[in-house]
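This report refers to the structure that appears directly beneath it.
Please treat every number below as a calculation from the coordinates, not as lab data. Because the structure is a prediction, the values reported are computed rather than measured. Heads up, the Cβs are rebuilt from the backbone with ideal geometry, glycines too, and the neighbour counts pull from every protein chain shown.
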Amino acid sequence: AQSVSQHNHHVILSEAASLELGCNYSYGGTVNLFWYVQYPGQHLQLLLKYFSGDPLVKGIKGFEAEFIKSKFSFNLRKPSVQWSDTAEYFCAVNPYNNNDMRFGAGTRLTVKP
Amino acid sequence: GAGVSQSPSNKVTEKGKDVELRCDPISGHTALYWYRQSLGQGLEFLIYFQGNSAPDKSGLPSDRFSAERTGGSVSTLTIQRTQQEDSAVYLCASSSSRARQVNSPLHFGNGTRLTVT
């Protein structure tokens, strides 16, 4: 079955550590890719998106993600996390020319001050 | 402007009862999605509306679940004869995407937390 996989369920880091959250998908063909974030007590909001062009995309708050087509991956990175980055992060995939917007199970990030 | 509004924010119901969850999307957004978020699970796609087109119901888990969207705006998700496994947060999202591909971000509501006792 087509799916979106986030292998890290819970990541705990200290402030200033580097972050990489994995996302893999199994859809063939062209896809649009997204990362959403849900801060404690808040609704889901868009962090960054990839439609085409440069596979390294930059989002808000210093986050970036790299699309590697050959690996069906769209990993999220941040060089130096802050306590305020504590949140749940969801990868999402929209197969091109399709209504579907499928999400991964989410990764909970806890940043210790 | 106002975001996506969902009501109620919390709903506790007894097993076997019917419930209705409401979503008021951002004005002008033609695309509307319902998702279910269970503890430890990702966002499970339920149903998608785009304007006045027939909805994509492929994610509804059983025939106890149904949804409608009146006038291309407000949507209601109905769960009949609720079961304990229906307990979850039900999220609604809207988007200004008009094409079949999602080229505009989804704007999410705060969700309705449903507890079936």
Based on Cβ point charges of +1 for Lys and Arg and -1 for Asp and Glu, what charge dipole magnitude is obtained for the protein assembly as shown about its Cα centre, in debye rounded to the nearest 20?
100
What does the net charge come to around A:Gly106 if you take all other residues with beta carbon closer than 14 Å to its beta carbon, with K and R at +1 and D and E at -1?
+1
Residue order, fewest to most surrounding Cβ atoms within 10 angstrom, among A:Thr107, B:Thr30:
B:Thr30, A:Thr107
Over 27 Å (Cα to Cα) among A:Lys78/A:Lys112; A:Lys49/B:Lys11; A:Lys78/B:Lys57; B:Lys17/B:Lys57 -> A:Lys49/B:Lys11; A:Lys78/B:Lys57
Any idea which of A:Trp83, A:Ala65, A:Asn99 is furthest toward the positive side of the dipole for the stretch A:38-113, if Lys and Arg beta-carbons carry +1 and Asp and Glu beta-carbons -1?
A:Trp83
Quick one, what does Rg over Rh come out to for the protein assembly as shown if you take C-alpha atoms and the Kirkwood Rh?
0.97
Consider just the alpha-carbon atoms of the stretch A:4-113 and return their Rg together with their Dmax, both in angstrom.
13.3, 43
extent check for chain B: Cα max minus min per principal axis, descending, whole Å, gives 39, 28, 28
Could you state the number of Å between the C-alpha centres of the stretch A:46-77 and the stretch B:67-98?
30
